[in-house]
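The structure appears right after this line, and notes come after that.
The values are calculated or read from the model by the stated rules, or taken from the named source; none is laboratory data. What you see is a predicted model; the values in this text were computed from it and never measured. Cβ placement follows ideal geometry from the backbone for every residue including glycine, while neighbour counts extend to all protein chains displayed.
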């Protein structure tokens, strides 16, 4: 059963198109990921699906409700955890949950039962009466997730759920999100720019770049589509000449460039490396390093977009997209 349906969803801010006609469906109980660099349009998409932003064009339904015609029904069916901190540091964990439950009009008797359940679910029972300002980053994120689950939503939206966390805490959060999905059958939509996060958590992932979905499938299927091995060549100069040289070889399935390196997809890569090196020497290509590996989700993203995902990445246009999309009051 499909719990989210998106068709040609578009959001424009004046002359800037932040989300450009995207379409996808999410099944009930699925973990679905939007993977892309900062400024790609991920958060803007989430804000439209959660009725914070009104689309310029296109349609979408969430939990069976139209995001434009029935925004209140959508909001009552979802939980949202945005990447920006939104807890009150001067309240305890329990008080934060109580305040949020009141805002969502959860009845008092239901609050009395549900808050202890949520604290146990997010493993914060022993920290319930500690001020949030004394929580670690991981504890804060768990409390935010718990807060989003207070009203028993059918769907949970996680916008960059592990941003700013150290690797160990991030891994713990992955395990927690996976367990939440498995045990409670919660449909989860998450945005991330961490390749390994999408690979670990998502049943399916959509690559989004410059507001468009450029690929969508399971992580394993996306990697299989690459085929063969990846021979990565670090160039001492421009990749333009190297690309022309390697394009002449029929045994090279695909070529992608990023920064000062070039990736070649080939069969039996370990056997092809000597040939690649000799070809480079004959053509006087300045190679500084060569490596071999099986296709990763990062390789697939590079194939479709021509660039890697980095936290600090973002062109001037991307940064403008972030700032414009942040104006949530514009409808």
Exercise. Mind checking which helices (runs of 4 or more DSSP H) fall wholly inside the range 126-237 and carry at least 2 residues that are crowded, with 22+ Cβ neighbours inside 10 Å?
Key: 137-149, 195-201
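Can you tell me which residues in the range 274-297 are surrounded by 12 or more Cβ atoms within 10 Å (Cβ to Cβ) and either part of a loop (DSSP other than H, G, I, E, B) or without any contact (Cβ under 8 Å) to a residue 40 or more places away in the chain (or both)? Outline the logic, then answer.
The first filter runs over the range 274-297 and keeps only residues surrounded by 12 or more Cβ atoms within 10 Å (Cβ to Cβ), leaving 275-277, 279-280, 283, 285-287, 290-293, 295-297.
275, 277, 279, 283, 285, 286, 295, 296, listed by residue number.
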Exercise. Please work out which residue is modelled with the highest pLDDT, limiting yourself to the range 86-101 and to residues that are within 10 Å of residue 150 (Cβ to Cβ) and more than 27 Å from the chain's Cα centre (by Cα).
Key: 98
Practice problem: State whether one or more residues within the range 242-255 are in contact with a helix residue (DSSP H, G or I) (Cβ under 6 Å, 6 or more places away or on another chain), in the same structural domain as residue 284 (by TED's automatic domain parsing), surrounded by 20 or more Cβ atoms within 10 Å (Cβ to Cβ) and part of a strand (DSSP E or B). | Solution: no
Quiz item: Tally time: how many residues in the range 174-183 are farther than 9 Å from residue 29 by Cβ, over 16 Å from the mean Cα position of the chain (by Cα) and in contact (Cβ under 8 Å) with a residue 24 or more places away in the chain?
Solution: 2
Self-check item: Among (1) within 24 Å of residue 31 (Cβ to Cβ); (2) in contact (Cβ under 8 Å) with a residue 40 or more places away in the chain - the single one residue 132 does not satisfy
Solution: (1)
